[in-house]
Amino acid sequence: MNIPFEKLDKAFENRIRLQIMSVLVANQRYDFNSLKELLAVTDGNLASHLKGLEKEGYITVHKSYLGRKPNTNYEATSKGKEAFKHHLDAMEQLINQQKGK
Amino acid sequence: MEEKKEIQDDIASIRSLMERSSKFISLSGLAGILAGVYALTGAAAAFYLIREPLNYQQIPFLHLVSILPYLIGIALVVLIASLATGVLLTYRKAKRKGQPIWGKTSRELLFNMAIPLVTGGLLILILLYRGYFGLVAPASLIFYGLALLAAGNFTFSDVKILGISEIILGLITTCLPGYGLLLWAIGFGVLHIVYGWVMYIKYDR
């Protein structure tokens, strides 16, 4: 029995992307600043990973204004949620396989 | 082996983030215990003031009106002491857990509690103003219970159980006029101590 590592989603190879996705799966929407606080990452770092996930079609962006301050919210798409679930399944299988050894 | 460790770290971080991002998990159990102790102390002080059998329907109306400001004072002191302790201990725990005390989760928690709490608070003021003193204890228990029930969606779900207990106790209190102070002491004192103790054992340590 050999489950290939290819089953793991390349988009989630980076830990921060995986973390962003877990937050967006657990919550309907999450805003940029709360996300930044929660993950303790820099603006630029977070923005580039969000861009990456957006390019994959895993998340959508909602831009609005709170007074004068821009308030950007992110939401996981159904494609993104599906991919996240597959990624978790693959992780589970890998762990089980290692246990068997 | 290297990959396995990495995957396990990933899973641990996913689990922690899913919880930390959606629920305010920094509420302190110890604060619940202390709030219960304050409430019992306040109830004892009120009992001493009334100096009548628990059945305060038999208290002369004039006596009640003359001590009313003191009773309200005691209630306010208990409320403020509980809030201050709660904020302080929760602040400490949030720091330890790496969760912002004024973040998305705590804001949602407070907002959802605020509506039943403000409604209940205004209702109690109206009841006091109109002289329905006997309904103050049940109203405070019921609306506090409703606030906790709403809060339970944004923090440990154990809070919901406490909320339901307070609501039931409030309804019982409505059926037993005259035992308001005693049942109020059970609801805000004993239940808080029991709940705080359970939370302390489960999550604080």
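Need one value for A:37-50: mean number of C-beta atoms belonging to other chains within 10 Å of its residues' C-beta atoms.
1
What are the extents of the Cα atoms of chain B along their three principal axes, in Å, largest first?
78, 26, 26
Averaged over B:13-25, how many beta carbons belonging to a partner chain fall within 10 Å of each residue's beta carbon?
Whole-number average of other-chain Cβ neighbours for B:13-25 is 5.
Report, in deg cm²/dmol and to the nearest 500, the calculated mean residue ellipticity at 222 nm for chain B, where each DSSP H run with n ≥ 4 adds -39500 (n - 2.57) and the sum is divided by the residue count.
Here the helix-only value at 222 nm equals -26000 deg cm²/dmol.
When Cβ neighbours within 10 Å are restricted to other protein chains, what is their mean count per residue of peptide A:30-36?
The per-residue average across the peptide is 2.
Sorted by packing (mean other beta-carbon atoms within 10 Å per residue), highest first, where do A:78-87, B:125-134, B:30-39 land?
With the highest mean Cβ count within 10 Å placed first, the list reads B:30-39, A:78-87, B:125-134.
Taking amide H atoms as placed 1.01 Å from N in the peptide plane, list the residues 5 or more away in sequence, or in a different chain, whose amide H sits under 5 Å from that of residue A:30.
Amide H to amide H, under 5 Å and 5 or more residues apart or across chains, residue A:30 pairs with A:74.
Would you mind giving the three semi-axes, in whole Å and largest first, of the ellipsoid equivalent to segment A:9-100 according to its Cα gyration tensor?
Taking √(5λ) for each eigenvalue gives 27, 13, 11 Å, largest first.
Go through A:55-66, B:187-198 and give me the packing order, highest mean Cβ count within 10 Å leading.
B:187-198, A:55-66
On the first, second and third principal axes, largest extent first, how far apart are the outermost C-alpha atoms of segment B:58-121 in Å?
Here the Cα extents, ordered largest to smallest, are 54, 23, 15 Å.
Report, by chain and number, residues whose modeled amide H sits under 5 Å from the one on residue B:99, excluding near sequence neighbours (fewer than 5 apart, same chain).
Correct list: empty.
What's the Kirkwood radius of the protein assembly as shown in Å, using all Cα pairs?
22.4
Kindly give Rg over Rh for segment B:89-154, based on alpha-carbon atoms, with the Kirkwood expression for the hydrodynamic radius.
Here Rg/Rh amounts to 1.15.
Since every read-out is calculated from the coordinates, none of them should be taken as a lab result. As the structure is a computational prediction, the values presented were derived from the model and not from experiment. Note that we place each Cβ from the backbone using ideal geometry, even for glycine, and neighbour counts take in every protein chain shown.
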